[in-house]
Structures are given as C-alpha cells and as structure tokens.
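Scroll down for the structure; my scribbles are underneath it.
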Amino acid sequence: NAGVTQTPKFRVLKTGQSMTLLCAQDMNHEYMYWYRQDPGMGLRLIHYSVGEGTTAKGEVPDGYNVSRLKKQNFLLGLESAAPSQTSVYFCASSPNRGPNQPQHFGDGTRLSIL
Amino acid sequence: DQQVKQNSPSLSVQEGRISILNCDYTNSMFDYFLWYKKYPAEGPTFLISISSIKDKNEDGRFTVFLNKSAKHLSLHIVPSQPGDSAVYFCAASEGLNRDDKIIFGKGTRLHILP
C-alpha cells in the first residue's frame with residue numbers, strides 16, 4: 001500500500017521561482033491537508049480540502065495556493081518562492097470529517113529557498 | 001500564541017522504564033486530543049487519541065491521560081522500548097462540529113537509552 005505519496009522529496013529553489021508540490025493518496029480519502037514543519041515548531045496547517053473541487057485556508061496560507069481537481073491528488077503551489085518558505089512540507093489525508101479520523105501523512109518534501 | 005504546548009523539547013528514559021510525555025493546552029473548546037509519533041525522514045503516524053468525555057485511554061503499551069480541569073494531558077509508554085525513540089507530537093481539535101483543524105504542539109524528542 002502506497003498510502004500518501006509526496007513528490008518531490010527534496011527541492012532547492014531560488015527566490016522568486018515557482019513550483020508545485022504533488023500529493024497523491026490511494027485510500028479514497030475525502031479530506032486532504034498540507035502542513036509545514038519548521039525547526040522547533042509543530043506542524044502548521046497551510047490549506048486543506050474537504051473533497052474534490054474544494055479548498056480552504058488553514059493557519060498559514062499566505063504565499064501558497066492549492067488545487068484539488070481530482071479526489072486522489074492535492075497540489076500545493078508556490079508562485080514566487082521566498083526564503084521564509086524554506087521548510088519541510090507534509091501532506092496528509094483522512095477518510096472523513098472529524099478529529100477521530102486520524103490523518104495519514106506522507107514522508108514529506110524538504111524545500112530550500114535560496 | 002501557542003494553544004498546545006509541549007514544554008519538554010527532549011526526554012531520555014532507560015529501556016524498560018516508563019516514559020511520560022506531557023502536553024498542556026489553553027483552548028477550553030478543545031474536546032479531542034491526539035498523539036502522533038514521528039521518525040526522522042518520515043511523516044507522523046497516529047498513535048493514540050482521547051475524547052474529552054474520557055480521562056483515560058489505553059492501547060497496549062500506550063496510555064493517554066486527560067485532566068480537563070488542569071488542561072493537561074500525558075502519554076505514558078510502559079515499558080519503553082528502543083523503537084519508541086522518536087519525536088512525539090501532541091495535537092488537539094475542537095471536535096466533530098468544527099472545521100476539523102488540528103493544532104499541533106512543537107513535539108518532544110524521546111530517547112530510549114539501552
């Protein structure tokens with residue numbers, strides 16, 4: 001079982017460049033999430049989706065856009081990368097609504113912005 | 001302002017002994033709490049959870065205790081094993097009728113000593 005797959009695993013960008021992080025899940029989950037984790041910080045929610053075609057802002061949405069065109073995919077875009085966006089990005093999915101539906105996480109994308 | 005606080009960045013425990021990880025929260029609206037475990041270069045994995053209507057939940061070697069009046073929860077691991085060495089995140093949510101956002105603490109790194 002692949003679960004939640006994130007691509008790429010590592011990326012180095014220059015300030016101002018754009019890129020898209022891809023998250024794919026094969027569990028037919030409705031809910032998908034993008035988090036970032038910075039040193040000494042917990043996971044912070046960037047954007048999330050409660051179903052195909054829907055997206056919503058999380059705790060730290062500025063500088064990011066997302067799309068959920070297909071149920072199994074959740075894309076995170078950086079239009080103009082900034083050094084403050086250097087972080088490890090985690091995608092997660094859950095089958096349904098509610099915190100008692102534990103989230104399944106990918107292994108992360110380590111992104112460095114120079 | 002941190003709503004979920006894990007005040008111990010790290011903890012070392014002898015193999016076979018009890019590991020106790022602590023978590024405090026400030027938002028009285030939180031009614032569901034979770035613990036996630038994370039190994040290096042991997043995503044977090046769900047460990048155990050507890051609803052605010054309970055004060056204890058047990059799953060094998062893992063027990064979570066909730067003290068609502070003190071806004072405090074703890075994770076007990078008995079007996080501690082080498083594979084328990086990881087970062088543990090405490091997380092909280094306002095529950096099923098909210099927008100499903102989960103707030104994570106900064107994590108506690110647990111070292112199990114041989």
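The values are calculated or read from the model by the stated rules, or taken from the named source; none is laboratory data. Computed from a predicted model, the values in this text were never measured in an experiment. Glycine also receives a Cβ, built like all others from the backbone with ideal geometry; neighbour counts cover every protein chain displayed. Side chains are part of the model used for accessible areas, which takes the heavy atoms of the whole protein and leaves out ligands, DNA and RNA. Shrake-Rupley method; radii C 1.70, N 1.55, O 1.52, S 1.80 Å.
The figures follow:
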{"quantity": "Test: B:Ser93 is more than 10 Å from chain A (Cβ to nearest Cβ), of a type in the set (Ser, Thr, Tyr) and either over 23 Å from A:Asn96 (Cα atoms) or open to solvent by less than 40 Å² (accessible area, probe 1.4 Å) (or both)", "calculated": "no"}
{"quantity": "Strands (runs of 3 or more DSSP E) contained in the stretch B:1-68 and holding at least 2 residues among the β-branched types (Val, Ile, Thr)", "calculated": "B:45-51, B:62-67"}
{"quantity": "Scope the stretch A:71-88; condition open to solvent by 60 Å² or more (accessible area, probe 1.4 Å) and either polar (S, T, N, Q) or at pLDDT below 95 (or both); matching residues", "calculated": "A:Gln72, A:Glu79, A:Ser80, A:Ser84"}
{"quantity": "Hits in the stretch A:92-104 (condition: of a type outside the set (Ser, Thr, Tyr) and over 21 Å from B:Phe30 (Cβ atoms))", "calculated": "A:Pro95, A:His104"}
{"quantity": "Enumeration of residues in the stretch A:16-33 that are farther than 19 Å from A:Gly98 by Cβ and surrounded by 12 or more Cβ atoms within 10 Å (Cβ to Cβ)", "calculated": "A:Gln17, A:Met19, A:Thr20, A:Leu21, A:Leu22, A:Cys23, A:Ala24, A:Asp26"}
{"quantity": "Single residue of the stretch A:1-41 satisfying the filter (assigned to a strand (DSSP E or B) and of a type in the set (Lys, Arg)) that is farthest from B:Gly105 (Cα to Cα)", "calculated": "A:Arg11"}
{"quantity": "Every residue from the stretch A:89-104 that is open to solvent by 10 Å² or more (accessible area, probe 1.4 Å), more than 7 Å from chain B (Cβ to nearest Cβ) and either out of contact with any Pro (no Cβ under 6 Å at 6 or more places or on another chain) or hydrophobic (A, V, I, L, M, F, W, C) (or both)", "calculated": "A:Pro95, A:Asn96, A:His104"}
{"quantity": "Number of the condition not met by B:Tyr88 [criteria: (1) more than 14 Å from every other protein chain (Cβ to nearest Cβ); (2) crowded, with 19+ Cβ neighbours inside 10 Å]", "calculated": "(1)"}
{"quantity": "Conditions (1) modelled with pLDDT under 95; (2) more than 13 Å from chain A (Cβ to nearest Cβ); number of the one not met by B:Asp99", "calculated": "(2)"}
{"quantity": "Residues of the stretch B:1-46 classified as open to solvent by less than 30 Å² (accessible area, probe 1.4 Å) and within 13 Å of the chain's Cα centre (by Cα), total", "calculated": "13"}
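Conditions (1) under 22 Å from A:Phe105 (Cβ atoms); (2) among the hydrophobic types (A, V, I, L, M, F, W, C); (3) more than 14 Å from every other protein chain (Cβ to nearest Cβ), marked per residue:
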site: B:Leu11; (1), (2), (3): no, yes, yes
site: B:Glu15; (1), (2), (3): no, no, yes
site: B:Phe30; (1), (2), (3): yes, yes, no
site: B:Phe33; (1), (2), (3): yes, yes, no
site: B:Tyr39; (1), (2), (3): yes, no, no
site: B:Thr45; (1), (2), (3): yes, no, no
site: B:Lys56; (1), (2), (3): no, no, yes
site: B:Thr63; (1), (2), (3): no, no, yes
site: B:His72; (1), (2), (3): no, no, yes
